[in-house]
1. So Val135 fits all but one of (1) under 24 Å from Thr151 (Cβ atoms); (2) in a strand (DSSP E or B); what number is the exception?
2. Are any residues in region 143-178 surrounded by fewer than 16 Cβ atoms within 10 Å (Cβ to Cβ) and more than 18 Å from Trp85 (Cα to Cα), and if so, which ones?
3. Kindly list, by first and then second residue, each pair from a residue in region 59-71 that is free of Cβ contacts under 8 Å to residues at least 12 places away in the same chain to a residue that is exposed (fewer than 13 other Cβ atoms within 10 Å of the Cβ), limited to pairs with Cβ atoms under 6 Å and residues at least 6 apart or on different chains.
4. With the requirement that a residue be under 27 Å from Gly176 (Cβ atoms), in contact with a Phe, Trp or Tyr (Cβ under 8 Å, 6 or more places away or on another chain) and in contact (Cβ under 8 Å) with a residue 60 or more places away in the chain, what does region 103-159 give you?
5. Just to verify a result, which residue in region 97-119, among those that are touching a Lys or Arg at 6+ places or on another chain (Cβ under 7 Å) and crowded, with 20+ Cβ neighbours inside 10 Å, is farthest from Asn158 (Cα to Cα)?
6. Can you pull out every residue in region 43-100 that is hydrophobic (A, V, I, L, M, F, W, C) and assigned to a strand (DSSP E or B)?
Amino acid sequence: MLKNIPVLYFLVLVISSVCGASTVLAKGVYQTPKAFLQEAFPDGTPRPEIIWLSGERKAQVEKILGHPYSKLRVKYWKKGQHSAWILDEIGKEKPITTGFVIDGDKITTMHVLIFRESRGWEVKYPFFTRQFKGVMLDDHAQLDRGIDGVTGATLSVNAITRLSRMALYLNHSVQGAGH
C-alpha cells in the first residue's frame with residue numbers, strides 16, 4: 001500500500017496541472033479591439049461616436065440585459081449603414097468583451113474579443129459565433145431566431161445573446177429608426 005503513494009501523488013499532481021492549465025488557457029485576449037475594428041473597417045476605422053443610455057433607451061437596454069448596463073454611454077463606429085460595437089457583459093462573475101459588426105439591421109460578424117472567466121470559453125469558436133450571422137431583432141426586440149447553447153457555457157451564451165440584442169437595438173437607434 002505504501003509503495004503506491006508516490007504513484008498516487010504523481011497522478012494528483014498531473015491532474016491538477018491539466019485542470020489548472022485549461023483554466024489559464026480559457027482566459028485571454030482572443031482579438032484586440034483595435035484588430036477587430038481594422039477587420040470591420042478594412043478601408044480605415046472611422047472616428048468613434050457615442051450613444052448615451054438615458055430615458056427610454058436606458059430602460060430598453062435594462063430590459064434586454066435584465067439589469068442596468070454598467071456604463072452611461074456606449075462607443076460605436078459607423079460608416080453609412082455599417083457599424084461596429086464593442087460591448088461588455090458579465091458571464092458568471094467577470095465581463096466578456098464582445099465585438100459585433102452590423103450591416104443595416106443584421107449582424108454580419110460576432111467575435112469574442114476578451115474572455116475573463118474560467119469556464120464557458122467555448123463561445124469563442126466559429127461553431128458558436130457563426131450562429132449570429134444574419135440575426136436581427138423582431139418586433140418585440142427579440143432575436144429573430146434561436147441561438148444554440150454550448151454545454152458548460154450557458155452563462156456565457158446567455159451573456160453574448162443579450163449583448164447581441166443590445167447591439168442590434170442600439171444600432172437601430174443610431175440608424176435613425178428610433179425605438
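1. (2)
2. Hits for region 143-178 are Asp144, Arg145, Gly146, Ile147, Asp148, Gly149, Thr151, Gly152, Thr154.
3. Short answer, once both residue conditions are applied: Glu62/Pro68.
4. Those that are under 27 Å from Gly176 (Cβ atoms), in contact with a Phe, Trp or Tyr (Cβ under 8 Å, 6 or more places away or on another chain) and in contact (Cβ under 8 Å) with a residue 60 or more places away in the chain: Ile107, Thr109, His111, Ala141.
5. Restricting to residues being touching a Lys or Arg at 6+ places or on another chain (Cβ under 7 Å) and crowded, with 20+ Cβ neighbours inside 10 Å, the top hit is Ile107.
6. Within region 43-100, Ile50, Ile51, Trp52, Val74, Trp77, Ala84, Trp85, Ile86, Leu87, Ile90, Ile96, Phe100 qualify.
Quick note: the coordinates plus some simple rules give every number you see, no bench work behind them. Computed from a predicted model, the values in this text were never measured in an experiment. Positions of Cβ are backbone-derived with ideal geometry, glycine not excepted, and every protein chain shown enters the neighbour counts.
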